[in-house]
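The values are calculated or read from the model by the stated rules, or taken from the named source; none is laboratory data. Just so you know, these numbers come straight off a predicted model, no measurement behind them. All Cβ positions, even for glycine, are placed from backbone atoms using ideal geometry, and neighbour counts span all protein chains on display. Heads up: the accessible areas ignore ligands, DNA and RNA and are worked out on the full protein's heavy atoms, side chains in. Shrake-Rupley method; radii C 1.70, N 1.55, O 1.52, S 1.80 Å.
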Amino acid sequence: MSWKEIYEQWTNDDALDDHLKTQLDELKEKQEELEDAFYAPLEFGTAGMRGILGPGINRMNIYTVRQATEGLARFMIKQGFDVARRGVAIAYDSRHLSQEFAMEAAKTLAYNNIPSYVFESLRPTPELSFAVRYLKTFTGIMITASHNPPEYNGYKVYGEDGGQMPPVDADMVTTLIREVDNPLTVPVMAEKAAKEQGLITMIGEDIDQAYLSELQAVTIDQDVIDQMDDQLKLIFTPLHGTGKMLGEKALRQAGFKEFIVEPEQAVADPDFSTVKSPNPEESSAFEYSMRLGQKENADLLIATDPDADRLGAAVRMPNGDYKVLSGNQIGALLIRYILEARKKTNALPENAVILKSIVSSELATTIAQSYDVPMVNVLTGFKFIAEKIKEFEAEHSHSFIFGFEESYGFLVQPFVRDKDAIQALVLLAEVAAAYKKQGKTLYDALQEIFAEYGYYAEKTISLTMSGQEGSAKITSLMKSFREQTPTEFAGTKVVQTEDFKQLIRKNASGATEKLSTPPSDVLKYTLEDDSWLAIRPSGTEPKIKFYIGVKADSDERAQQKIELLQAAINEITGN
């Protein structure tokens, strides 16, 4: 069917949701927007689906949620009765329609005789991951669009290990979703009937307490916290999302007393009205906490994104201002602290291992190697870290002690199998307390790391290319890089090219070897001065991302290298 035929199908459906009907009526003269809403189904991949709220098959609405859930239900039924009866854990964040989408998913599952366990109010993504493992459900659903703007929402699916659904299963679910021709016709059971029949069970505090109990293992040196509990001053902002309740409880449980939750941003708000973007990667997200931090003379500012899986931080500088750290810098601070603290107490396992994504800083690798701990690189996406943890446990080969991605995702203890900002909140506060005990700030700690290991710097360039035209341009760019392999960037020679789609690593002499990761549309170039660049289309947004990593003997020289490589990328892309 053409997009116009699908559009007519929606407009002629008498049972269409009234709100969506009104929105369709407002769009009837806007042909370009209508085409974008109906030209293709919302993409479903290993990270689930994410899109703008509104009517259409390329939008997030109750019908596309039902369609995705119907595909998931069919997948579970194919696995057998015992699998289906294990059910699905469902959580949701503070976004527009999140609660409604969670219940629509539960009602769709109920119609298929699959039980669901739905949180009674908003909860973080890591708690959903934990709930899947704790309740031993077969899958989990998280309604969230992470740190996207307020007009977005999304739908993430988790496997029985608590990690995001692996590619093979996600591909099968995608196929089954596409077999549902018309999302408007997916049947659901009435909520009241589903609850009466035990097909929808509401959950909440019992899971919170179980999660908090496991969280105690995140603390490494309780003596440090006990000695500094009323001296470390911390500002915590959940950025209008899900992090407030668990974050406060976690800090109190760990023993911290002098923390303040930024009051205006503590309110769950689907419009994220105090920030341009609810993204702890951006300095603007810290405007309110910086103001409060100055007033309270705070040592550390910490922000979690709306579904509390990502964590950002700002540290106090010598002049009293605050500097927002990168995800790589936070990762380096946490890794150095974990390794040093465990080494001092002889608690570092002989088979310890750290995991990171292929586009994260090599500073983390250098630190790990200085403690004789291997670093294992995986594809971008925390599900690949979760898969490795599962593999290590099955083989009894390594003891996982930390995992991270440059995009502000951290995991300390594997009772969760996704990035967990609540865990990172507790540990980063402990790290700050440990350095304050020495009369130092986290800024000082980072300078010590650079002085010892070298000045590493990274930058991510994210180019938005929306709609059909944007999608085609992203495809064309990736094709061009593959067909005309660069030999240099900014005058620095490429000594190694890695194509994670074709699974080939090639050095400057032409020698090749096979990569061991699953295939992924990523290209990475290593330069002769140990700088590197990677190119990756986003799996959840209409973006193509360029990652840059450099090392130098000073911060100034590192920034110069970043600027040169960024200029080279801008020239190639025409930006």
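Could you please let me know if Ala457 is small (Gly, Ala, Ser) and closer than 27 Å to Ile367 by Cα?
Taking the combined requirement at face value, the residue satisfies it.
Evaluate segment 179-194: report whether one residue or more is under 30 Å from Thr380 (Cα atoms), assigned to a helix (DSSP H, G or I) and open to solvent by less than 40 Å² (accessible area, probe 1.4 Å).
Looking for residues that are under 30 Å from Thr380 (Cα atoms), assigned to a helix (DSSP H, G or I) and open to solvent by less than 40 Å² (accessible area, probe 1.4 Å), one finds none in segment 179-194, hence no.
Please pick out the residue among Leu442, Leu527, Leu477, Leu523 that is modelled with pLDDT under 95 and either under 30 Å from Glu214 (Cβ atoms) or in contact with a helix residue (DSSP H, G or I) (Cβ under 9 Å, 6 or more places away or on another chain) (or both).
Result of the check over Leu442, Leu527, Leu477, Leu523: Leu477.
Which residues, taken from segment 88-101, are in contact with a helix residue (DSSP H, G or I) (Cβ under 9 Å, 6 or more places away or on another chain) and surrounded by fewer than 24 Cβ atoms within 10 Å (Cβ to Cβ)?
If the condition is that a residue be in contact with a helix residue (DSSP H, G or I) (Cβ under 9 Å, 6 or more places away or on another chain) and surrounded by fewer than 24 Cβ atoms within 10 Å (Cβ to Cβ), then Leu97, Glu100 are the ones that fit.
Right, Pro537: modelled with pLDDT under 95 and buried (at least 18 other Cβ atoms within 10 Å of the Cβ) or not?
Yes: the conditions hold for Pro537.
Kindly provide the set of residues from segment 492-515 that are out of contact with any Ser or Thr (no Cβ under 9 Å at 6 or more places or on another chain), open to solvent by 40 Å² or more (accessible area, probe 1.4 Å) and touching a residue at least 12 places away in the same chain (Cβ under 8 Å), ordered by number.
Answer for segment 492-515, where residues must be out of contact with any Ser or Thr (no Cβ under 9 Å at 6 or more places or on another chain), open to solvent by 40 Å² or more (accessible area, probe 1.4 Å) and touching a residue at least 12 places away in the same chain (Cβ under 8 Å): just Gln502.
Mind checking which pairs have a first residue in segment 251-271 that is of a type in the set (Lys, Arg) and a second that is open to solvent by 30 Å² or more (accessible area, probe 1.4 Å) and not in a helix (DSSP H, G or I), Cβ under 8 Å, 6 or more apart or different chains?
From residues that are of a type in the set (Lys, Arg), the pairs are Lys257/Asp230.
Name the residues in segment 128-157 that are within 13 Å of the chain's Cα centre (by Cα), within 19 Å of Ile385 (Cα to Cα), not hydrophobic (A, V, I, L, M, F, W, C) and not in a helix (DSSP H, G or I), would you?
Of everything in segment 128-157, those that are within 13 Å of the chain's Cα centre (by Cα), within 19 Å of Ile385 (Cα to Cα), not hydrophobic (A, V, I, L, M, F, W, C) and not in a helix (DSSP H, G or I) turn out to be Ser146, Lys156.
Go through segment 224-244 and report how many residues are part of a helix (DSSP H, G or I) and over 19 Å from Leu334 (Cβ atoms).
Final tally of qualifying residues: 3.
Kindly list, by first and then second residue, each pair from a residue in segment 158-175 that is farther than 19 Å from Thr125 by Cβ to a residue that is at pLDDT below 95 and assigned to a strand (DSSP E or B), limited to pairs with Cβ atoms under 8 Å and residues at least 6 apart or on different chains.
Thr174/Gly45
So which residues in segment 289-315 are out of contact with any strand residue (DSSP E or B) (no Cβ under 6 Å at 6 or more places or on another chain), more than 25 Å from Arg95 (Cα to Cα) and touching a residue at least 12 places away in the same chain (Cβ under 8 Å), if there are any at all?
Residues satisfying the conditions are Gln294, Glu296, Asn297.
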